[in-house]
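Just below is one structure, and these are the notes that go with it.
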Amino acid sequence: MTENMSRVERGQRNTNNNQRPSKPKKNNNNNNKNNSKFKRIAKYTILGLIILFVVGGLTGAGLFAYYASSAPKVTNSALVGTSQTKFLDRDGNVFYSTGSKRESARQSEIPKEMRMAIVSIEDRRFYKHHGVDPRRILGAAFANVTGSSLGLQGGSTLTQQLIKLTVFSTKSSDQTLKRKAQEAWLALKLEKQYSKNQILTLYMNKVYMGNGVYGMKTAADYYFNKSLSDLTVPQMAFLAGLPQSPSGYDPYDNPKGATDRRNEVLTAMANNKVISQAEAKEYRNTPITDGLAKEHASLDTEDKANKVDDAYITSVRNKLTDLGYDLNKDGLVVQTNLNPKVQQRAYDVANTNDYVQWTDDMMQVGLTVTDPNNGQVIAQIGGRKQSTLQGTNRATNTNRSSGSTAKPLVDYGPAVENLDWSTNHSLNDSPYVYPGSNTPVYDADRQYMGNITMRKALALSRNIPAIKTLQEVGYDNSSKFLNGLGIPIKSDELVASSAIGIDVSSEQEAAAFAAFDNGGTYYKPQYISKITDQSGAVKEFDDSGKKAMKGSTAFMLTSMMKSVITDSYAKIINTSDYAQAGKTGVTAYDDSLNMPDGSASDSWFTGYTKQAAISVWTGYDQPNEEGHSLAAGEQQFTPLRVYKAIMDYIMSDANADGSDWEMPNSVKSTTINGTKEYSVVGADTSAEKVISQPVRRSSSSSRSSVQPSSSSSVPASSSSVPASSSESSSEESESSSSVSSSEPSESSTSSSESTPEESSGNGTPPSDSESDGNEQPSSSVSQ
């Protein structure tokens with residue numbers, strides 16, 4: 001027995017020796033704890049997700065309900081109406097609407113193939129969903145990623161698209177979550193009120209089809225001279241695909257794009273079993289020009305009546321586009337600042353000879369009229385004798401030189417603003433070269449007037465004092481002043497000759513000079529006062545303006561520009577009926593062009609009263625062609641004649657303010673030789689050189705030793721120039737009156753316009769002697 005026991009014990013020992021050592025009991029406990037912890041985390045995570053989903057769903061539903069509660073009302077009249085945008089004048093009358101007269105189709109007029117072509121490309125499940133299609137939204141998201149969409153990238157159903165066209169705008173800033181929620185809610189409601197075919201018919205009648213056409217019935221007639229029932233399947237497919245991008249798929253301008261889009265629709269129709277694959281293949285080989293109309297009846301947008309307001313319409317359209325609106329789809333009501341009576345008078349002045357004797361029908365004009373007290377543009381003319389609409393708007397073009405109308409903006413305004421110059425500040429008109437060059441600066445008369453006041457330098461538009469003034473002011477100060485007046489010229493873009501001419505538009509000058517008029521506040525030109533979209537939301541526009549200069553600067557420049565009208569050839573518009581100020585400008589040709597003596601490429605006048613600011617440019621579109629120059633004399637007076645005809649009409653209103661400007665407290669006056677001169681109160685003028693008494697000099701000393709060239713390219717005049725009343729000595733009067741005029745009957749004004757760089761920007765080649773445009777201010781510039 002003992003022996004047996006020992007065997008058992010030995011076996012047990014052997015078994016124990018063969019077993020793997022077990023882990024300590026402590027490790028098993030840790031595993032259990034870890035598993036339990038993981039389970040708890042998983043449980044809480046799932047629970048949290050469920051709670052988050054429920055809360056998110058409830059929040060989303062609540063937010064949706066909140067947005068839906070403020071959704072705009074959709075009326076039957078709105079659904080039936082068009083998406084045309086309308087412009088109203090300041091009196092609330094419609095003077096322009098986008099597109100043509102629309103012909104609405106009845107349900108019975110629409111062929112089944114036409115309906116199914118639209119459904120196939122725009123909303124294949126149209127007859128199955130209830131206004132919003134979740135499957136379509138998910139499918140569109142996938143299609144946008146993969147790019148295989150057959151034109152179905154958008155998640156909006158046809159019902160939602162109809163809602164967009166009826167009560168919302170396509171402006172990108174309006175594509176918000178709130179808008180999307182309201183759109184979905186209204187689509188769901190609409191499906192309960194109208195049948196599917198009614199909704200489809202409303203969509204077909206409202207959608208924009210390009211070229212000013214609204215509705216597919218109107219489009220069938222415009223593009224194919226057919227009714228809807230007479231269209232071929234390829235023609236139906238073309239119309240069905242056009243609303244996605246009317247301009248991009250225009251068959252006249254982009255036949256390839258139109259063909260590709262039509263074929264896309266044909267493929268979608270085949271996939272939707274509207275036509276067979278074999279038919280789709282056959283139809284895809286049909287030329288896009290098959291049956292395409294070559295001529296069209298005149299649309300409303302080409303109505304002669306719109307020619308009166310054409311430039312204004314163009315400017316408003318551009319502003320709306322800049323704001324992100326689609327005029328053809330958004331159905332806006334735009335309240336503008338157009339004064340229809342002033343606009344009509346301006347049109348009549350430009351297009352008849354009842355007020356101005358125009359040289360010929362090719363002579364052009366660009367003019368802008370603004371209210372100086374708020375920046376509202378009340379009238380605009382972009383050309384005359386126009387054969388097309390919404391073409392070149394010469395009132396806003398900035399590719400013609402201003403001539404001497406630049407001098408208050410570039411030179412003398414900054415001088416008073418930054419250097420506190422007095423109006424009788426002494427300037428020296430003596431031989432001078434462009435800084436950094438050997439190129440002499442001349443006035444038209446090729447003579448010099450010696451020391452003259454700033455007032456006289458501006459009134460008689462002398463060039464050398466203007467260029468010297470810019471050098472003393474500095475390009476930085478001049479650029480800052482210009483930018484404050486809405487003329488975006490950088491300091492490194494200014495050169496010495498900028499003192500006597502910059503490229504600018506009548507719109508810019510009217511707004512800039514208005515700041516002199518109103519005491520120093522610049523208002524950006526305002527065409528629009530209010531926009532109402534289809535939902536009834538209103539956006540108002542009211543520029544509060546910004547201070548562009550001190551009141552003292554505005555008043556003193558206005559005072560000097562009043563002298564332009566009394567002491568230069570601009571006196572032909574002088575009147576005692578109202579106070580006015582302004583500046584003339586003429587751009588002469590370079591001698592190398594061999595144009596007629598004294599002729600000019602551009603002639604300007606920008607002037608103002610307290611009631612209105614008007615800037616007028618005249619010239620030819622191709623100024624270097626034979627017969628397209630402005631002859632010295634009456635042709636160069638044209639802007640003055642245009643200005644007066646319009647200003648007289650404006651000031652004939654019983655409520656028009658024709659009073660003179662009052663001197664502000666920041667300015668003091670001194671009477672010198674019968675003329676009031678002004679200076680800035682508190683300015684340190686101890687070192688300023690002013691003319692406080694008649695400058696007496698011999699007649700020979702006031703004239704240049706340089707004789708006028710027989711081929712002078714600068715305007716000349718047979719009339720003499722009156723001496724400034726502030727320097728009325730007999731010697732000076734005699735000297736001044738013997739000087740020939742550059743801006744007709746203005747003492748050598750146009751010589752400024754004859755400088756090479758002033759001719760730039762209007763197609764005139766630069767002179768061989770022209771400086772390279774990088775002149776540095778001369779250290780020897782005289783005071």
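The values are calculated or read from the model by the stated rules, or taken from the named source; none is laboratory data. Everything numeric here is computed off the predicted structure, so don't read it as measured data. Note: ideal-geometry Cβ built from the backbone for every residue, glycine included; neighbour counts use all protein chains shown.
Cβ-Cβ under 6 Å, sequence separation 6+ or interchain: first residue in the stretch 193-222 and over 14 Å from R115 (Cα atoms), partner of a type in the set (V, I, T). Which pairs?
Listed by first residue and then by second, the contacts come to G212/T301; Y214/T82; A219/V213; Y222/V213.
How about the stretch 133-224: which helices (runs of 4 or more DSSP H) wholly inside it have at least 3 residues that are at pLDDT below 85?
134-146, 177-193
Within the stretch 664-681, track down each residue that is in a loop (DSSP other than H, G, I, E, B) and either touching a helix residue (DSSP H, G or I) at 6+ places or on another chain (Cβ under 6 Å) or without any contact (Cβ under 8 Å) to a residue 60 or more places away in the chain (or both).
P664, N665, S666, N673, G674
Does D684 fit the bill of being at pLDDT 95 or above and either assigned to a helix (DSSP H, G or I) or surrounded by fewer than 19 Cβ atoms within 10 Å (Cβ to Cβ) (or both)?
No.
Which residue is farthest from V642 (Cα to Cα), if the candidates are limited to the stretch 335-384 and must be aliphatic (A, V, I, L, M) and assigned to a loop (DSSP other than H, G, I, E, B)?
Looking at the filtered set, the residue picked out is L338.
Checking K294 against (1) under 40 Å from the mean Cα position of the chain (by Cα); (2) surrounded by 15 or more Cβ atoms within 10 Å (Cβ to Cβ), which test does it fail?
All conditions are met except number (2).
If you scan the stretch 105-131, which residues turn out to be surrounded by fewer than 18 Cβ atoms within 10 Å (Cβ to Cβ) and within 30 Å of N306 (Cα to Cα)?
none
For T439, indicate whether it is at pLDDT 95 or above, farther than 30 Å from Y347 by Cβ and of a type in the set (S, T, Y).
Spelling it out, it is not the case that T439 is at pLDDT 95 or above, farther than 30 Å from Y347 by Cβ and of a type in the set (S, T, Y).
Exactly one of these conditions fails for K644: (1) charged (D, E, K, R); (2) assigned to a helix (DSSP H, G or I); (3) within 22 Å of G501 (Cα to Cα). Give me its number.
It is condition (3) that K644 fails.
Residue by residue through the stretch 251-267, note down the ones that are in a helix (DSSP H, G or I) and either within 30 Å of the chain's Cα centre (by Cα) or not assigned by TED's automatic domain parsing to the domain that holds V233 (or both).
Matches in the stretch 251-267: G257 only.
Select from the stretch 567-586 the residues that are buried (at least 24 other Cβ atoms within 10 Å of the Cβ) and polar (S, T, N, Q) and write down the one among them that is farthest from S497 (Cα to Cα).
Q580
Is there a residue in the stretch 443-458 that is touching a Pro at 6+ places or on another chain (Cβ under 6 Å), small (G, A, S) and without any contact (Cβ under 8 Å) to a residue 60 or more places away in the chain?
Looking through the stretch 443-458, at least one residue is touching a Pro at 6+ places or on another chain (Cβ under 6 Å), small (G, A, S) and without any contact (Cβ under 8 Å) to a residue 60 or more places away in the chain.
Residues to consider are Q622, Q611, Q693; find the one that is at pLDDT 95 or above, of a type outside the set (G, A, S) and part of a loop (DSSP other than H, G, I, E, B).
Result of the check over Q622, Q611, Q693: Q611.
Which of (1) among the aromatic types (F, W, Y); (2) under 16 Å from S659 (Cα atoms); (3) crowded, with 24+ Cβ neighbours inside 10 Å does Y589 not meet, given it meets every other one?
Of everything listed in (1) among the aromatic types (F, W, Y); (2) under 16 Å from S659 (Cα atoms); (3) crowded, with 24+ Cβ neighbours inside 10 Å, Y589 misses just condition (2).
Can you list the helices (runs of 4 or more DSSP H) found entirely within the stretch 410-484 that contain at least 1 residues being surrounded by fewer than 24 Cβ atoms within 10 Å (Cβ to Cβ)?
Because the criterion is at least 1 residues that are surrounded by fewer than 24 Cβ atoms within 10 Å (Cβ to Cβ), the helices (runs of 4 or more DSSP H) in the stretch 410-484 that meet it are 413-419, 463-473, 475-484.
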